[in-house]
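Note sheet for the following structure.
The values are calculated or read from the model by the stated rules, or taken from the named source; none is laboratory data. Since we're looking at a predicted model, the values are computed, not measured. Counting neighbours? That spans all protein chains shown, and the Cβs are built from the backbone with ideal geometry, glycine included. We work out accessible area using only protein heavy atoms, side chains counted, and drop any ligands, DNA or RNA first. Shrake-Rupley method; radii C 1.70, N 1.55, O 1.52, S 1.80 Å.
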Amino acid sequence: MSVVAVLGLAALAFLGVREAQRARLVPDGASPPSFQLTKHEGGSLALSDLKGSVVMLDFWATWCPPCREEMPSLVKLAKEYESQGLVFVAASRDEGSTASQEVDYFLQRFQPDLRPYVVYADDDVARAFQVNALPTLYFLDRDGKVIDAQRGMLSEDGLRRRIERALKR
C-alpha cells in the first residue's frame, strides 16, 4: 500500500474520531441551562448574565497537562478580543476541599493573568455540557446558544479562527 493511501486512511480515521467526539457534545443551537458558577475571586456568575456577549467557556483543571499548555493562548486571545465582545470563562473542574488552594497555587505560579476568568464548574454543570474529558471548550453566541464546541486542545491559530468565526455571528 502506498504512503499516500495510508496517510489518506489515517486522515479519514482522524476526522471520523473528531466528528464522533463532537457528536457527544451539546449540539450547535442548543441553549444550555443557566447555572450560578462560583468565581475564584468571590461572588458568582450566571451564564445568562453574559447575554449580549460571545462567551468562550473553557472547562479545564490544574492537573490536566493539555489544559495547562493551552491556557496561555486562551488568556492571550481573551484579552485581545474582549474589546470586540468576547467574554472568557475558565471553568475549573478541580474538586474537593483543596480545589481553591490548588487553583490559587496554579494561578500564582504559572498563570496569574487567568485569575479574573476562573469559576468553578461542579458536576451538574459538567454533565449539562457533556464534559467527560479535559479540556472541553464551548462558544456561546450573544443569545447564549451553543455555536461551537471542541473536546481537546487547540493551537493558538485554531483558537483564533474559532473566536473570529464566533464573533462574526
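From largest to smallest, the equivalent ellipsoid semi-axes obtained for the chain from the alpha-carbon gyration tensor read 27, 19, 16 Å. Annotation: the antiparallel percentage among DSSP beta bridges lying fully within the chain is about 60. Taking all protein chains into account, the per residue accessible area for the chain stands at 52 Å² (1.4 Å probe). Against the longest alpha carbon principal axis of the chain, how many degrees, from 0 to 90 and to the nearest 10, is the axis of helix 3-23 turned? Helix 3-23 sits roughly 40 degrees off the main axis of the chain. Here the chain has 53 percent of its accessible surface on carbon and sulfur atoms, given a 1.4 Å probe and all protein chains in place. Distance between the pseudo-spin-label points of Ala128 and Gln108 (7 Å out from Cα toward the beta carbon): 3.2 nm.
Could you please report the charge total around Arg160, scoring K, R as +1 and D, E as -1 over all other residues with beta-carbon less than 15 angstrom from its beta-carbon?
Within the 15 Å Cβ shell, the charges total -2.
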